[in-house]
Structure formats: structure tokens, C-alpha cells
1. Please go through region 58-72 and pick out each residue that is more than 17 Å from Gln39 (Cβ to Cβ) and either at pLDDT below 90 or among the basic types (Lys, Arg) (or both).
2. When the residues of region 62-91 are filtered to those that are in contact (Cβ under 8 Å) with a residue 24 or more places away in the chain and either in contact with a Lys or Arg (Cβ under 7 Å, 6 or more places away or on another chain) or more than 24 Å from Lys43 (Cα to Cα) (or both), which remaining residue is surrounded by the most Cβ atoms within 10 Å (Cβ to Cβ)?
3. Could you tell me which residue of region 1-50 is nearest to Cys79 (Cα to Cα), considering only residues that are of a type in the set (Ser, Thr, Tyr) and modelled with pLDDT under 85?
Amino acid sequence: QPTRWSLRHSLFRKGYQLLDPYVTVSVDQVRVGQTSTKQKTNKPTYNEEFSATVTDGHQIELSVFHDTPIGYDDFVANCTLHFQDLLRSAGPSDSFEGW
């Protein structure tokens, strides 16, 4: 759902507006990819792949933005995953290739 922050300029204060969302993928604050923008949806599905060689990474961040026609795109939400936590929860035969 859109956050209050993403709705701050909305004309539809009582209801949720449909977003034009896209996701950026960053490793240690370096952008490694960005999805395509999905039009007018609050439940986008992305089946896109990004490839980045990470040798000493600490975290991966997924950030959702609303693509606006004028000015800066609106921040919607983000999630940070620490590689150490992922490795701790992985089994000895688990691989992150294709993840």
C-alpha cells in the first residue's frame, strides 16, 4: 500500500491512489539495477533479473519509488537485507546464484 509519505501530494486523500512503481536495487549504497515502471497498480509483479559481482558486500537494499511526470520521483518504501543474515540462515548447500 502507498505510505503517507507517498500520498502527501495526492488529490485523493481519503482513498489510495494507484502508483506507477519501480524498484531500485543497491548493494552497499551503489545502485546495481532498476526495474521497469509498472503503470497504475499497487500490486506490481516484477520478474526481472540483475547481475552484479559482489566480493565484499554488506547489504542489499530494495527501494520502491512512484514515477512522477514532473520533478523528483516519490519515495514509497524500502527494505534492507544484510548478507551476513542471509548467510547465517542458509544451509551449507544453499547458493545465492539465481536468487
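The values are calculated or read from the model by the stated rules, or taken from the named source; none is laboratory data. This one's a predicted model, so the numbers in the text were calculated from it and none came from an experiment. Cβ sites come from the backbone with ideal geometry, for glycine too, and all protein chains shown count toward neighbours.
1. Gly71
2. Taking the candidates together, the pick is Phe83.
3. Thr3
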